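*Asks:* First, the structure itself, so that you have it in front of you.
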Amino acid sequence: MGTKLVAFVILSVFFAYYVYLPLPEALGERWKLMMVDACFRSLEHLAELTELIGLKHYMEVMMVLTAAETVAPASDENVTVMDTTFNKVPVRVYVPSSRNLGLRRAVVYVHGGGWCIGSAKMQPYDVLSRKSAAELNAVIVSVEYRLAPEHHFPDQFNDVYTVVKYFLQHDVLAQYLVDPGRVAVSGDSAGGNLAAAVAQQIQEDPEVQGEIKIQALIYPALQTIDFNTPSYQQNANMPILPKSLMLRFWSEYFSRDKSLLRNMMSDSHMTLESRRLSDLVNWSVLLPQKFRKSYRYVLPGRENSDFSAKVPGIFDPRAAPLLAGDEKLKALPWAYIVTCEYDVLRDDGAMYVMRLEKAGVRVTHEHYEDGFHGAMMFITWPTDFAIGQKMMSRYIDWLQKNL
Ligand SMILES: *[C@@H]1O[C@H](CO)[C@@H](O)[C@H](O)[C@H]1NC(C)=O
Ligand SMILES: *[C@@H]1O[C@H](CO)[C@@H](O)[C@H](O)[C@H]1NC(C)=O
C-alpha cells in the first residue's frame, strides 16, 4: 500500500510537471495536445541522450516516428497507388480510378519533417494524398526525397526539383492524362519550403516544359535570418515544434556541424552578406499589426565572419525562399498559404504573403487562430484533431475550386 501510494505520488508529480503545459484557450482539445506533446518531448530527450553518449544521431532516433507510421502502397476502389521513380527519385503516385473522361488535375506533394524525418509513405500523408486524388480527380505525386543527416542541402531541393521537372514534360503528363494547365506543387512545413523554392527556381529553367498553376504552402519554413520574429518569440515552447527543434532541423539541413545550431540558437549566425538580406525579412514592415503585436523589432543577429565559408547555402533562396529578391517573385504562380497562430513559423508564411502581394502575385492567405504547427498531419487515430480535419478539408475544397 505504502509503495503504491509513493509510486502514485511520484507519477502524479511527473505527470503534472512533464505533461501539463498551460496552452492558449484558443487551441481545441488541449489535453490531447499536451499528451501528444509529452510523447514528442520524451522522444526528443531520448534522442538527445542517445546522441550525447554517441550511440546514434539525434535524427535517427526521431526517425522511429516515421518508421512506425509507414504504410504499403495499397490501391482501393477509388485510387490506384504505386511506388515508382521519376528520373531516379522515388515517388508514390496516386491515380484516381474515376471514369470521368476529361483530363485530370495534378498535385506534386512534398511531405514535412524538417528535411530530416518524415516520408511520403507515412499514414497521414497517405490519407491526405488518397483523399486529394479521389476528391479532386487528380494525380498526386508524393515525393520521397533524400533526408538529413545523410544528405544535406541542396539534395532535398534537387530531388523535388527533379521530380517536378520530369513530371511537367508533355509526354509524361499525357501518359497520366493530366491537363498541363492544372498542375500544383504543394507541401507542409519543410515540404512547403521545398515547394516554394521549386516554384521560384523552375520558372527560370529554359528546359522546363509546362508550368505550375498553383503553389500551396502549408505552414512553410521560409527564412534563416531572423529567429526572433514575433511568432518565434510567442511560440518558442509551443507543441509540437519548439524553437529549439526548428533550429535543429534548419542546422541539420545544412551541416552535421553542431556549432551551426549553437550559433543559430544564440543568434550569432549572420555574416556581412546576410546582413544585406535582412530587409527582405524585416518583420517591422512585412507583418500586419495583428502579428507584430507589441514585440519590438531588433536588427537580427551578430556577425560571425567565418561563417558563410563553413556553411554554404544557408542564405541561398533555394533553401530560404523569403531571401529571393522582388524581381524573382513577380511571375510566381497563385499561392495558397496557410499559417497558424501558435506556430514559430507563422511569420515566415505571413511575410511571404506580404512580399508576394507587393510583387503583384495572387495570394490566398488562410490563417488559423486555433492552429498549431503540424496540425494538418493530425488526422489519423489516435492522434486525430478536429483542427487537422478542418485544415485538410479546406485545403482540398480550395484546390477543388481553384486548381
Ligand atoms: C470511395 O469513394 C466513395 C465516394 O466518395 C466513398 O464513399 C468510399 O468510402 C471511398 N472508398 C474508400 C476506400 O475510401
Ligand atoms: C526594418 O524596418 C525598420 C522600420 O522601417 C527600420 O528601422 C530597420 O532599419 C529595418 N531593418 C532592416 C534590416 O532593414
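*Asks:* State all residues of segment 98-128 that are closer than 22 Å to G181 by Cα and touching an Asp or Glu at 6+ places or on another chain (Cβ under 7 Å); if no residue qualifies, say none.
*Replies:* Matches in segment 98-128: L103, R104, R105.
*Asks:* I would also like to ask the following. Can you find a residue in segment 133-149 that is outside any loop (DSSP other than H, G, I, E, B), over 22 Å from V198 (Cβ atoms), within 16 Å of ligand 1 (Cβ to nearest atom) and in contact with a Phe, Trp or Tyr (Cβ under 6 Å, 6 or more places away or on another chain)?
*Replies:* no
*Asks:* Additional query: Exactly one of (1) at positive phi; (2) in a helix (DSSP H, G or I) is unmet by A199. Its number?
*Replies:* Going through the list (1) at positive phi; (2) in a helix (DSSP H, G or I), A199 breaks only (1).
*Asks:* Tell me which helices (runs of 4 or more DSSP H) are completely within segment 285-403 and hold 1 or more residues being surrounded by 14 or more Cβ atoms within 10 Å (Cβ to Cβ) and in contact (Cβ under 8 Å) with a residue 60 or more places away in the chain, or say none if there are none.
*Replies:* Result: 289-292, 326-329, 346-358, 386-402.
*Asks:* Which of the residues that make up segment 61-88 are small (G, A, S) and either on the phi > 0 side of the Ramachandran plot or within 16 Å of ligand 1 (Cβ to nearest atom) (or both)?
*Replies:* Passing the criteria: A72, A74, S75.
*Asks:* Okay, moving on. May I ask you to verify whether D171 is modelled with pLDDT of 95 or more, in contact with a Gly (Cβ under 9 Å, 6 or more places away or on another chain) and among the acidic types (D, E)?
*Replies:* no
*Asks:* Just need a number here: residues in segment 19-32 that are free of Cβ contacts under 8 Å to residues at least 60 places away in the same chain, loosely packed, with under 14 Cβ neighbours inside 10 Å and either part of a helix (DSSP H, G or I) or within 23 Å of the chain's Cα centre (by Cα) (or both).
*Replies:* The qualifying residues number 1.
*Asks:* Answer yes if at least one residue in segment 33-49 is farther than 24 Å from C340 by Cα, free of Cβ contacts under 8 Å to residues at least 60 places away in the same chain and part of a strand (DSSP E or B), and no otherwise.
*Replies:* no
The values are calculated or read from the model by the stated rules, or taken from the named source; none is laboratory data. No experiment lies behind these values; they were computed from the predicted model shown. Ideal geometry is used to build each Cβ from the backbone, glycine not excepted, and the neighbour counts take in all protein chains shown.
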